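I have placed the structure first, in the form of structure tokens, so that the comments after it can refer back to it.
The values are calculated or read from the model by the stated rules, or taken from the named source; none is laboratory data. If you're wondering where the values come from, they're calculated on a predicted model, not measured in any experiment. Every residue, glycine as well, gets a Cβ built from its backbone with ideal geometry; the counts of neighbours run over all protein chains shown. All accessible areas refer to the heavy atoms of the entire protein, side chains included, with ligands and DNA or RNA removed. Shrake-Rupley method; radii C 1.70, N 1.55, O 1.52, S 1.80 Å.
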Amino acid sequence: MRLFLALIPPPELRRRFGELADTAHSHCGGRRVADDNLHLTLAFLGEQPKHRAEELADWLGGMRLAPGQWRLDRWGHFAEPGIVWIGGAPESGLTRLQHSLREDLEGLGIDARPRRFTPHITLLRRAEHPSGASLPEVALDWSYSRAALILSEPTHQGSRYTPLAWSRA
Ligand code: 2AM
């Protein structure tokens, strides 16, 4: 089972991310991430056996995160896979959260990625012109308090994400 940990935006913020994805797509081309799939990856766990997924669901379900707020105010890209994203300054709470999740996962025997965290929301993949486009200014605030363990499955229409567990409210 292909698993990752993520923050899922509330519906109104997800709608705004979707609008930004449309704008970015008109400038940069590539494949736009579907609204339902917009997320912030905290840790990519890769392929894990079913019993591991159950263990991880119990672990996350018993956890309460320190809530935080993150200001999204910049566009970025990863040139090699043609990813276009929005993000912000690495907010200290978010960085601490990612770090402590990775440490816990290491204790569970999982070497989660990325090691160097650049918090971002991927809007486009395989963009034809990932850089150089003049994209509109962004200023959005994300109040987060829960993380999700997500199952990623390939379909003909792209990846399907299914939350398996949430941290406590
Ligand atoms: P990203 O889009 O936020 O960059 C689910 O597959 C998510 O895990 C993807 O959206 C991607 O995050 C991240 N991911 C996928 N493959 C990865 C890999 N090999 N290393 C690190 N992160 C990966």
Review point. Hey, if you put +1 on the Cβ of every Lys and Arg and -1 on every Asp and Glu Cβ in the stretch 34-163, which of 93, 67, 158 ends up farthest toward the positive end of that dipole?
Key: 93
Check your understanding: Counting only protein heavy atoms, what percent of the accessible surface of the chain is carbon or sulfur at a 1.4 Å probe?
Key -> 49 percent
Review point. What does the charge count near residue 153 come to, summing +1 for each Lys or Arg and -1 for each Asp or Glu among other residues with Cβ under 9 Å from its Cβ?
Key: +2
Point to revise | GNM top mover of 23, 41, 122 - the chain, alpha-carbon springs below 10 Å | key: 23
Revision key, fill the gap. Expressed in angstrom and rounded, the centroid-to-centroid distance over alpha carbons for the stretch 42-79 and the stretch 86-153 is 9 Å
Exercise for review: Treat every Asp and Glu Cβ in the stretch 23-93 as -1 and every Lys and Arg Cβ as +1, leave all other atoms uncharged, and give the resulting dipole magnitude about the Cα centre to the nearest 20 debye.
Suggested key: 180 debye
Check your understanding: Once the stretch 62-164 is represented by equal point scatterers at the alpha-carbon sites, with solvent omitted, what log10 I(q)/I(0) does the Debye formula produce at q = 0.11, 0.17 Å⁻¹?
Key -> -0.44, -1.04
Review point. Using unit Cβ charges (K, R positive; D, E negative) and no other charged atoms, how large, in debye to the nearest 20, is the dipole of the chain about its Cα centre?
Key: 40 debye
**Study point:** Summed side-chain charge close to residue 42 - residues other than residue 42 whose Cβ falls under 12 Å, Lys, Arg +1, Asp, Glu -1
**Key:** +3
Study note, to complete from the structure: Note: probe point = Cα of residue 164 + 7 Å toward Cβ; backbone nitrogen < 18 Å; residues of the stretch 1-26 passing the test are 1-8
Revision key, fill the gap. FRET efficiency (residue 1, residue 36; Cβ distance; R0 30 Å; to 0.05) is 0.95
Study note, to complete from the structure: The local net charge around residue 125, scoring Lys/Arg +1 and Asp/Glu -1 for residues other than residue 125 whose Cβ lies under 10 Å from its Cβ, equals +3
Exercise for review: At 0.36 nm per residue, minus the direct Cα-Cα distance, what do residue 128 and residue 153 gain on full extension? Give it in nm, one decimal, please.
Suggested key: 6.5 nm
